[in-house]
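Trainee: The structure under discussion is supplied below as structure tokens; questions concerning it will follow.
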Amino acid sequence: MGKITVETCEIEGLKVITPAVFGDERGYFMETYNYNDFKAAGIDVEFVQDNQSSSKKGVLRGLHFQINYPQDKLVRVVSGEVFDVVVDLREGSPTFGKWHGEILSAENKKQFFIPKNFAHGFVVLSDYAEFAYKCSDFYHPNDEGGLLWSDPDIGVKWPIPEGMELTLSEKDKKWGGIRGFKK
């Protein structure tokens with residue numbers, strides 16, 4: 001044990017994981033995932049799919065979720081830096097509609113565990129970023145849902161520097177707000 005440090009967040013179920021990093025003059029080594037360590041930390045999830053994306057500065061992806069096949073996710077940044085955001089969409093949750101954000105970077109090596117039924121997105125703060133994540137269910141293209149990244153009812157405080165131009169997909173520009181959210 002002792003290979004990871006797990007911090008809880010103000011929204012129940014969210015966890016920030018910092019792996020132990022072993023470095024010397026050659027570089028470093030770290031375990032990015034060990035089922036036994038994660039299970040001991042209360043994250044007993046079977047991941048079935050790994051994904052990776054690359055994006056340039058100003059790309060904003062999200063806020064996405066799967067409707068009928070929700071996924072637990074373990075996300076991290078391999079290169080660069082992003083501001084990663086989740087929104088609680090769990091029915092009956094006392095924090096429904098609340099958001100939480102974390103800076104994830106290749107430098108801080110933090111990972112973010114996101115339980116099922118959260119919307120997820122990120123904005124790239126560095127010139128370039130590679131984002132990797134594990135999912136507990138397979139991707140179903142006809143099962144996508146989303147919320148507008150700038151929904152004032154959610155009120156995400158994206159750390160977008162003045163002058164940064166955002167790049168969004170056409171789909172991400174058109175999602176509705178949380179008031180109209182129905183699963």
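The values are calculated or read from the model by the stated rules, or taken from the named source; none is laboratory data. In this text the structure is predicted, and so the values were computed from the model without any measurement. All Cβ positions, glycine included, derive from the backbone under ideal geometry; neighbour counts span all protein chains shown. Side chains are part of the model used for accessible areas, which takes the heavy atoms of the whole protein and leaves out ligands, DNA and RNA. Shrake-Rupley method; radii C 1.70, N 1.55, O 1.52, S 1.80 Å.
Trainee: For the stretch 121-131, what does the Karplus curve 6.51 cos²θ - 1.76 cosθ + 1.60, with θ = phi - 60°, yield as ³J(HN,Hα) per residue in whole Hz, taken in order and with x for Gly and Pro?
Mentor: x, 7, 10, 7, 9, 8, 4, 7, 8, 10, 10
Trainee: If you don't mind, there's one more thing I want to ask. Rg/Rh for the stretch 3-80: what does it come to with C-alpha atoms and Rh from Kirkwood? Intermediate values should be presented prior to the final figure.
Mentor: Working: Rg = 15.0 Å, Rh = 15.2 Å.
The Rg/Rh ratio comes out at 0.99.
Trainee: Per DSSP H run of n ≥ 4, the term is -39500 (n - 2.57); total these for the chain, divide by its residue number, and report the mean residue ellipticity at 222 nm rounded to 500 deg cm²/dmol.
Mentor: On the way: 2 runs with 11 residues, N = 183.
Only helices count here, giving -1500 deg cm²/dmol.
Trainee: Would you grab the residues whose amide H sits under 5 Å from the one on SER126? Only those 5+ places off in sequence or on another chain, please, with H modelled 1.01 Å from N.
Mentor: GLU81
Trainee: Based only on Cα atoms, what Rg/Rh ratio does the stretch 127-183 have, Rh being taken as Kirkwood's radius? Show your work: numbers first, answer last.
Mentor: On the way: Rg = 14.1 Å, Rh = 14.2 Å.
Rounded to two decimals, Rg/Rh equals 1.00.
Trainee: Okay, moving on. Determine the per residue accessible area of the chain with all protein chains present and a 1.4 angstrom probe, expressed in square angstrom. Kindly include the intermediate steps, with their values, before the conclusion.
Mentor: Numbers: 9820 Å² over 183 residues.
Solvent-accessible surface per residue comes out at 54 Å².
Trainee: Please pull out the direction-averaged projected area of the stretch 76-171, using the convex hull of its alpha-carbon atoms, in nm² to one decimal place.
Mentor: Details: hull surface 29.0 nm².
Value for the stretch 76-171: 7.2 nm².
Trainee: Still on this structure: How much of the accessible area of the chain, in percent, comes from carbon and sulfur atoms when a 1.4 Å probe is used?
Mentor: On the way: 4690 of 9820 Å².
On the chain, the fraction of accessible area on carbon and sulfur atoms equals 48 percent.
Trainee: Report the Rg/Rh value for the stretch 13-147, based on alpha-carbon coordinates and the Kirkwood definition of Rh.
Mentor: 0.97
Trainee: Order the peptides 75-81, 13-19 from the highest to the lowest mean number of other Cβ atoms within 10 Å of their residues. Before the final figure, lay out the partial values.
Mentor: On the way: 75-81: 20.1, 13-19: 18.6.
For the peptides 75-81, 13-19, the packing ranking is 75-81, 13-19.
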